[in-house]
Amino acid sequence: MTGSKTTKRKPAKKNLVIVESPAKAKTIEKYLGRSYKVLASKGHIRDLPKSRMGVDIENNYEPTYISIRGKGDTIKTLKKEAKKAKQIYLAADPDREGEAIAWHVAHLLDLSLTDKNRVVFNEITKDAVKNSFKSPRTVNMNLVNAQQARRILDRLVGYSLSPILWQKVKKGLSAGRVQSIALKLVIAREKAIKNFKPEEYWTIAAHFQESANKKQKFAANFYGSNGKKQKLNSQSAVQAILQKIQRQEPFTITKVTRKERKRYPAAPFTTSSLQQEANRKLNFKTRKTMMLAQQLYEGINLGAKQGSVGLITYMRTDSTRISQVAQHEATDFLQTEFGSQYTVRKVHATKNPEGAQDAHEAIRPTSVQRTPESLKSVLSRDQYRLYNLIWARFLASEMAPAILDTMSVQLEQQEVQFRASGSKIKFDGFLKLYQDDQKTPDNILPDLKEGQAVHLLDTDPEQHFTQPPARYTEATLVKALEENGVGRPSTYSPTIETIQRRYYVKLNGRSFEPTELGEIVDNLIEKYFPDIVNIDFTAQLETELDEIEAGKEQWTTVVDKYYQPFSKELVAADQKIEKLQIKDEPAGMDCEVCGAPMVIKLGRYGKFYACSRFPDCRHTQAITKEIGVTCPRCQKGQVVERKSKKNRLFYGCSRYPECEFVDWNKPVGRNCPKDQHYLVEKKVKGGRQVVCPNGDYEEAVQK
């Protein structure tokens, strides 16, 4: 009996797809099926070396790229899988950074740049992903070179400036192009606040009632006299107006204007507007906003049936454009949910910001059918809040405008004019879904007519003083960077994070204040490197990077144009800048280790106490501020303000580590009348309250 040998079939080769993040890889592999294997590069795998400049200035700015430390296993896996792959596709993010990552991966895997192996998609949905594989393209070297020019210029500036700061100011400092502009903006605003001189001005509010209907009252404000608008800068000017008015005589309605006004919704989110709105409405820092948006873009597990699904489109964009497919889906949803009167017959015209690349759509949900409420059980609280913001803003942008009935009235007596205005919502339109920053008016005037007499009830003159400009918050700083054309959507978050990490600025509440260290660094850069902090100069570079992307400029030409004058400033600065002597301040106490006087030093993260015998004695301690409350745990120490590693304020015992009392909220030095637990002052919606941490007592904060 003879047996026949069975030949083992070799497994069919798979197509290899390389993306940036593991979360994205899982979602895409599900859509592509068994013939594809999707791996993640986990961001960049090659970069300039950290230990040296890595740019050959004499050889046309030739960069030296090396494999990033810690990426050895990832690179080994990619090379191994690439050898047995049927076809390799590079599917990094659809922007300059993503294009550069694809180029670096292609280099490491010895892929030809003439191969059509680059796929891009603006949203991680089944249709978008599958369609992208129908029309792969070559790696776009114009995009790569635009990113390369930015990276090399930032390296040249940062690695040239930082050593000067180390030598002349103190070790560990750094400076860069965009972060120097952000710091300059914060410091310029602080100077404007300090130099601000308040000016006195007055207003006169008045209350009137119709003679025909004694119950109907309304308010008006002083406008002017003798037919001209008049400013009131003193109490004497106010008295002169009040003396003109005959209290017993009626005012006459001299003009009534009725109009129907439309209020249009804001455009859907760009990266910048999302960061601003999330900061204002949700109190999210830019870093947190981008981290959550990345998660929503890459895919959220919606359960066994649907698996991982990308919920929003690409979150790094400066465009407000929306695809027709998304517009039609929004219209259908709005008609079903709210009725046809809430949809727009004519698409709202939105204008992209000047200089916007318009490479992608605006940030929107990948499907409006996935309502925030339907996803609440699978999203974290913060993911839900951000998704809800994006979903509502997009749908609102496709809704009909709100219609307001407005009315303005001019009243006159003895050539003194007051004006009143009122309005009411006739049709809520997009306001049904999304409240914008404008206050919805609720001042409804009575049905007044020209020539009608009304009675003056009282006048209420009030003194005011002009206010200084507000300090920057994260939202307003992002807006300022964008308006000045500095940086790109992807740079705002790391820029703001960097100036905080270097302790050049600090957050006081939600507002940025420059530190002493930040002012020292800014003064030095402004004096010796004026182009670095020249907003117009930096904005022009962004324009030239766009020219590289469009293939109109060579990247080496742009780098050389900016580096040559900077290199001359470097030589001059090295010779002229004298080492700054930052004097230590006496602390007024002795070292608890050796008994020598303590001093206050300025470090990378602010001021601290240190022994004056350093380096012989290395004792240091944090500078704390007592709040006048005895520690509720040990009853011996004092409660002091402290800062966490993330610069968050908390309260602890001055006897730490003997007493480990700590609380994020401020103890007030009293106990709860119900359970005797110590009371704390806590931030709540609308202000602050004194509460019991056990939740059964609260009282208003005593001012």
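The values are calculated or read from the model by the stated rules, or taken from the named source; none is laboratory data. Please read these numbers as outputs of a predicted model, since none were measured by experiment. Cβ: placed from backbone, ideal geometry, glycine included. Neighbour counts: every protein chain shown. Heads up: the accessible areas ignore ligands, DNA and RNA and are worked out on the full protein's heavy atoms, side chains in. Shrake-Rupley method; radii C 1.70, N 1.55, O 1.52, S 1.80 Å.
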2 or more residues within 30 Å of VAL17 (Cα to Cα), open to solvent by 10 Å² or more (accessible area, probe 1.4 Å) and touching a residue at least 40 places away in the same chain (Cβ under 8 Å): qualifying helices (runs of 4 or more DSSP H) within the stretch 113-197: 126-132, 141-168
Give me the residue from the stretch 268-295 that is in a loop (DSSP other than H, G, I, E, B) and open to solvent by less than 30 Å² (accessible area, probe 1.4 Å) and, out of that set, nearest to SER319 (Cα to Cα). THR270
Filter the stretch 427-440 for residues that are open to solvent by 40 Å² or more (accessible area, probe 1.4 Å) and under 31 Å from the mean Cα position of the chain (by Cα); which is modelled with the lowest pLDDT? THR440
Within the stretch 239-251, residues being in contact with an Asp or Glu (Cβ under 9 Å, 6 or more places away or on another chain) and either more than 11 Å from GLN414 (Cα to Cα) or open to solvent by 60 Å² or more (accessible area, probe 1.4 Å) (or both) number 1
If you go through the stretch 229-241 one residue at a time, do you hit one that is assigned to a strand (DSSP E or B) and modelled with pLDDT of 90 or more? yes
Taking the stated definitions as given, is ILE164 in contact with an Asp or Glu (Cβ under 7 Å, 6 or more places away or on another chain), modelled with pLDDT under 95 and either within 30 Å of ILE101 (Cβ to Cβ) or β-branched (Val, Ile, Thr) (or both)? yes
Those residues of the stretch 39-69 which are more than 20 Å from ALA100 (Cβ to Cβ) and not basic (Lys, Arg), in sequence order: SER51, ILE57, GLU58, ASN59
Residue check: is GLU497 outside any helix (DSSP H, G or I), within 27 Å of SER273 (Cβ to Cβ) and open to solvent by 10 Å² or more (accessible area, probe 1.4 Å)? no
Return the residue satisfying two criteria in turn: it lies in the stretch 481-494 and is of a type in the set (D, E, K, R) and assigned to a helix (DSSP H, G or I), and of such residues it is least open to solvent (accessible area, probe 1.4 Å). GLU482
When LEU404 is evaluated against the numbered criteria (1) more than 27 Å from the chain's Cα centre (by Cα); (2) in a loop (DSSP other than H, G, I, E, B), which criterion, by number, is the only one it fails? (2)
Those residues that are among the aliphatic types (A, V, I, L, M) and closer than 20 Å to LYS288 by Cβ, I need them from the stretch 487-529; list them, please. ILE496, ILE499, VAL505, LEU507
Unique residue being open to solvent by 20 Å² or more (accessible area, probe 1.4 Å) and in contact (Cβ under 8 Å) with a residue 12 or more places away in the chain when the list is LYS80, LYS84: LYS84
Six or more apart or on different chains, Cβ under 7 Å: which pairs go from a residue in the stretch 525-553 that's closer than 15 Å to LEU481 by Cβ and aromatic (Phe, Trp, Tyr) to one that's open to solvent by less than 60 Å² (accessible area, probe 1.4 Å) and part of a loop (DSSP other than H, G, I, E, B)? Could you list them? PHE537/ASP531
